[in-house]
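The values are calculated or read from the model by the stated rules, or taken from the named source; none is laboratory data. Keep in mind that what you see is a predicted model, and the values were worked out from it rather than measured. Note: ideal-geometry Cβ built from the backbone for every residue, glycine included; neighbour counts use all protein chains shown. With ligands, DNA and RNA removed, areas are computed over all heavy atoms of the protein, side chains included. Shrake-Rupley method; radii C 1.70, N 1.55, O 1.52, S 1.80 Å.
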Amino acid sequence: MSYKDEVLAYLHQKDAHESEFLQAVDEALDAIEPVLERKPHYRKTRLLERMVEPERVIMFRVPWIDDNGNCQVNRGYRVQFSSTLGPYKGGLRFHPTVNLSVLKFLGFEQTLKNSLTTLNLGGAKGGSDFDPRGKSDDEVMRFCQSFMSELFRHIGPHIDVPAGDIGVGGREIGYLFGQYKRLANEFSGVLTGKGVQWGGSLVRPEATGYGMVYFAQEMLAAHKDSLAGKTCVVSGSGNVAQYGVQKLLEVGAKPVTLSDSDGFIHDPDGIDEDKLAYVMELKNVRRGRIKEYAERFDVAYYEGKKPWDIPCDAAFPCATQNELCEPSAQALLRNGCRLVAEGANMPTVPEAAHLFVKAGILYAPGKAANAGGVATSGLEMTQNSMRVSWSFEEVDKRLRGLMQAIHESAYRASVDYGVRGNYLAGANIAGFTRVADAMVEQGFV
Ligand code: NDP
Ligand code: 2IT
């Protein structure tokens, strides 16, 4: 049996119930199999067995008092996956679907993604099954304070630096930071995505969406093409989708859809700057539903549907995992879509991803295309350590440079392993190799 098959058989038995985690590991190990053949010493050092086991998993009770004075209880997590390349680093997700499998998948992905950024960042993910939807600001604050009352003893600016993800944005990072500061009695860069007045970096809010578009530009530039004039389908309407659309508009593309967990809107005239400003107010201030966009601008709303049947040149899944299934991939290809860049983590099911690879379109997996968020978190950590604040232009320039470097290393790995332009293979190989070689150098830890 090949080394990869041996490890996967073991893992599927051991973590049989962790479907998202198994999916993420299956995808990565499939992609890196040629590396294992070239580097047999990985097997001797049981490298894969070590790499698929998180260094540490913390699970804890989060009690909090709701606005009616009742005690609610949620479950909190931090999966500290890998400290091979630096302090544990990765976001926190607050969503009712959060469980250990989801956070292990995200922590594993984060480890390879952070490796790709070229920075010194380990991999982690955390969060809670807390549902922020319909909660008051006071309830969110009390929840965040209770969550941090346990988490604070496990994190620190040189240990583990959390950030945002689904359901965790600027408001939540503020409450979490305030409670950490109070408990630890220190003002430090323990979280990223902070407010710019208290240690946050300019461009961090924009970074994931901007970086995704920069990556798409790099892929197209390699074919002497650009995003100008291209019709783009975008899913989600949160942080990544909003700033993805903003950058698409800047580069002359035409985004025509947005979605949330209830459905999607299709605006054939294009979502322009004014409409995007409306979406930002709707989602970030009023915390309403995307359906209201359809009412406000008199466009179609599709309840319970995803936007992948809308004809487009390029697609940007920016909501959540497994949101793009096989029939959706077939529809995209049939309608002429030639580029898919993942703003979300693992939004494409494996069968759909294989269709993209087989069709030879420009397909960027999340660990490459959405790495701009965590890369800019790395820039925030650097600024915090140096006690400086770079200008918007400076951070944006560095973000663009990092996305170029990520594209270059994924592309080069694809060439090196005989699958030129296969970014799924290239990103996994490049991310994996850096972590793997460092693990070998650091011995059995
Ligand atoms: P937000 O919470 O800001 O937005 C999430 C969006 O996705 C909302 O529109 C939400 O709709 C929708 N969504 C969430 N869960 C589901 C679901 N189960 N089914 C359908 N729609 C859903 O999160 P982000 O924009 O920050 O994150 C989006 C994706 O990008 C995630 O996969 C995240 O891991 C990834 N990512 C985020 C980074 C960041 O810096 N923020 C960095 C790299 C990746 P609703 O409002 O109805 O819940
Ligand atoms: O999935 C991700 O890369 C993030 N949610 C961002 C993590 C970070 O530490 O900025």
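Computed values, structure above
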item: Nearest-10 value in Å² for the accessible area of ASP269, using the 1.4 Å probe; result: 130
item: Accessible surface ranking that places the most exposed of GLU172, GLU295, GLU281 first, with a 1.4 angstrom probe; result: GLU295, GLU281, GLU172
item: Exposure rank, largest accessible area first [CYS71, CYS337; 1.4 Å]; result: CYS71, CYS337
item: Debye log10 I(q)/I(0) at q = 0.06, 0.11, 0.12 Å⁻¹ for the chain, Cα point scatterers; result: -0.23, -0.82, -0.99
item: For the stretch 172-260: Kirkwood Rh in Å [reciprocal of mean 1/r, alpha carbons]; result: 15.0
item: Highest-fluctuation residue, VAL213, VAL374, VAL435 considered, GNM on the chain with Cα pairs under 10 Å; result: VAL435
item: Relative pair counts by distance (%), Cα atoms of the stretch 378-445, 10 Å bins; result: 19, 30, 31, 18, 1
item: Proximal lysines relative to LYS358, as straight alpha-carbon distance under 20 Å, when same-chain residues fewer than 8 apart are discounted; result: LYS367
item: Helix runs (DSSP H) in the chain reaching 20 Å along axis by Cα, Kyte-Doolittle at least -0.5; result: 19-38, 100-116, 137-151, 170-184, 204-221, 371-386, 423-442
item: For the stretch 1-120, alpha-carbon Rg over 2.2 N^0.38 Å; result: 1.25
item: Set of lysines near LYS44 by C-alpha distance (under 19 Å), chain-local residues within fewer than 8 positions excluded; result: LYS4
item: Heavy atoms of ASP165: accessible area, 1.4 Å probe, square angstrom to 10; result: 40
item: Span from the the stretch 3-77 Cα centroid across to the the stretch 214-263 one, whole angstrom; result: 31
item: Mean separation of Cα contacts under 8 Å (6+ apart) over length of the chain, as relative contact order %; result: 16
item: Residue order for SER409, SER19 - accessible surface, 1.4 angstrom probe, largest first; result: SER19, SER409
item: Residues ASN120 and ARG38, FRET efficiency given R0 of 25 Å [Cβ-Cβ distance, rounded to 0.05]; result: 0.45
item: Accessible surface of GLU326 - all protein chains present, 1.4 Å probe, nearest 10 Å²; result: 70
item: Under 29 Å from the Cα of LYS135 - lysines, other chains or at least 8 residues apart; result: LYS89, LYS104, LYS125, LYS181, LYS194, LYS275, LYS283, LYS291, LYS305, LYS306
item: CD proxy at 222 nm, helix term only [per DSSP H run n ≥ 4: -39500 (n - 2.57); per residue of the chain; nearest 500]; result: -15500 deg cm²/dmol
